[in-house]
1. Does Arg220 meet the test of being at pLDDT 90 or above, crowded, with 19+ Cβ neighbours inside 10 Å and over 30 Å from Arg45 (Cβ atoms)?
2. So which strands (runs of 3 or more DSSP E) are wholly in the stretch 191-288 and hold at least 1 residues that are free of Cβ contacts under 8 Å to residues at least 24 places away in the same chain and either farther than 30 Å from Gln115 by Cβ or hydrophobic (A, V, I, L, M, F, W, C) (or both)?
3. I'm trying to understand the selection: among the residues of the stretch 121-158, which are surrounded by fewer than 21 Cβ atoms within 10 Å (Cβ to Cβ), modelled with pLDDT of 90 or more and within 21 Å of His182 (Cβ to Cβ)?
4. Kindly indicate whether Ala89 is assigned to a helix (DSSP H, G or I), in contact (Cβ under 8 Å) with a residue 12 or more places away in the chain and of a type in the set (Gly, Ala, Ser).
5. When you look at Val311, is it aliphatic (A, V, I, L, M), surrounded by 12 or more Cβ atoms within 10 Å (Cβ to Cβ) and modelled with pLDDT of 95 or more, yes or no?
6. Could you run through the stretch 70-104 and say how many residues are of a type outside the set (Ser, Thr, Tyr), modelled with pLDDT of 90 or more and more than 22 Å from the chain's Cα centre (by Cα)?
7. When you go through (1) modelled with pLDDT of 95 or more; (2) over 27 Å from the mean Cα position of the chain (by Cα) one by one for Ile258, which number turns out not to apply?
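The values are calculated or read from the model by the stated rules, or taken from the named source; none is laboratory data. Computed from a predicted structure; not experimentally measured. FYI the Cβ positions are ideal-geometry reconstructions off the backbone, even for glycines, and counts take in every protein chain you see.
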Amino acid sequence: MSGLLKSLVVAARSGTAEPKSAGAETVDLSGVALIGDQLRAVARRAIQLATADPTNMKVNVDAAKMVLNAVAQARIKRRDTLPSPRTLANYERKRRQVEESMEDVPGNSFDKLQQVLGSVGRNVQTFRVLRAALKQGSTADLQATIEAVALTTSDLLGVRSALREDLRRGLAWLACILSVKHEKCLAVAGTTKLAPRSKSAMLKLLPQDWRERISVEASRSELYGLPCALLDICGLRPVELEKGVEVEVSGDRVRLRILGGKVREHAGQPWRELELRLDALPAWVRARLPSAGSRLVSADPDNMRAWLADVSERLFPRHQPPRRSDVLISAYVYRHALVTDMRDDGWTAEEIAAVIGESSAATVAWYGLKNVGGRAGMPKRPRAIAVDRAFVLTAREVKPRADQDSPGAVRKRGSQPR
């Protein structure tokens, strides 16, 4: 019965992505660097409150609300955007995968969680995504339980008792998720940290004509041909292709209107417009564009990723067992390649940021390579850029980089934007 009530609550608020709670103790989360430790401290405090009076429903509800409020405040402090429906679906898949893997591991819930995350999350970015997926699902479940409690007025058939137990279990599980640390999970699983390999570093492993070779494959695909060409020409994010790019042809010019991805209140570009020289496009691309007027070019991100992976595997097959020299082409490899080309061509960081949909020139330092030569000591061949440098419009003015005297060097540490 408690499960049915929570299912009804989830269905009633299926359009919301972020749990909201009120009326519980709030926590001052000053200092972004301390958010993780403060969240863990709040979770421990909530467990103490619930354990001190386990049969008191109000105490259990207040303890759960206290943690949910802390999680919500941390999100605001980090200026996180709400996850999209696609991200939520992806989180749910990853959450199920982790929880199913835990069923085959001995020990208590926390030990199981550390064992699984230490095994499948050796790369720190993978670990963070899995933890975020678990946290999203756990907070949503806990919020649904709180709302189900509000719908019950008596303990007929033991419903409120079951919900109270659900609260305690949900609170304990969320506390486990907030407490896991990458290094500890690796130690428990007996594994070692897997060094990430950036998409930009992959460019060094690819032959100089990799985009031309993929372009030949794209010319044979009615569904993915033009989307692939746009990845090459303007470094789109997959979500931008999903929204659709308006392509308008007028004479010898092609105008693109792109709705931005990863847009926040003070970051990203809600939209940008680029003009291309028609004669700079491959002949097969020109043949597919309307002689005049406009059309919308779009692609499902998952299907586009699968198509690119299939083409990549055929053109650049990976080894078994895998080697560090193996490559797998994705949309973000194109993004890094375009930035490298523009940097080599003398574009400033502000100009590059505008083309790829960033609102800050400083972000460009994370993209691409600098001074890249050809493979096996051969000189690098310059690649023509189809975007007209003089016709790039953005919704927001690009914030200049304080130290910019030249296109600048690429940073070597930290996470990279996508």
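1. no
2. Where strands (runs of 3 or more DSSP E) fall fully within the stretch 191-288 and carry at least 1 residues being free of Cβ contacts under 8 Å to residues at least 24 places away in the same chain and either farther than 30 Å from Gln115 by Cβ or hydrophobic (A, V, I, L, M, F, W, C) (or both), they are 253-259.
3. Of everything in the stretch 121-158, those that are surrounded by fewer than 21 Cβ atoms within 10 Å (Cβ to Cβ), modelled with pLDDT of 90 or more and within 21 Å of His182 (Cβ to Cβ) turn out to be Arg128, Val129, Ala132, Lys135.
4. no
5. Details: aliphatic (A, V, I, L, M): yes; surrounded by 12 or more Cβ atoms within 10 Å (Cβ to Cβ): yes; modelled with pLDDT of 95 or more: yes.
Yes; evaluated as a whole, the condition is true for this residue.
6. Residues in the stretch 70-104 being of a type outside the set (Ser, Thr, Tyr), modelled with pLDDT of 90 or more and more than 22 Å from the chain's Cα centre (by Cα): 3 in total.
7. Every condition holds for Ile258 apart from (2).
One line per residue, one yes/no per condition, for (1) over 29 Å from Gln73 (Cβ atoms); (2) of a type in the set (Phe, Trp, Tyr); (3) assigned to a helix (DSSP H, G or I):
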position: Arg96; (1), (2), (3): no, no, yes
position: Gly107; (1), (2), (3): yes, no, no
position: Asp111; (1), (2), (3): yes, no, yes
position: Ala132; (1), (2), (3): no, no, yes
position: Thr145; (1), (2), (3): no, no, yes
position: Ala187; (1), (2), (3): yes, no, yes
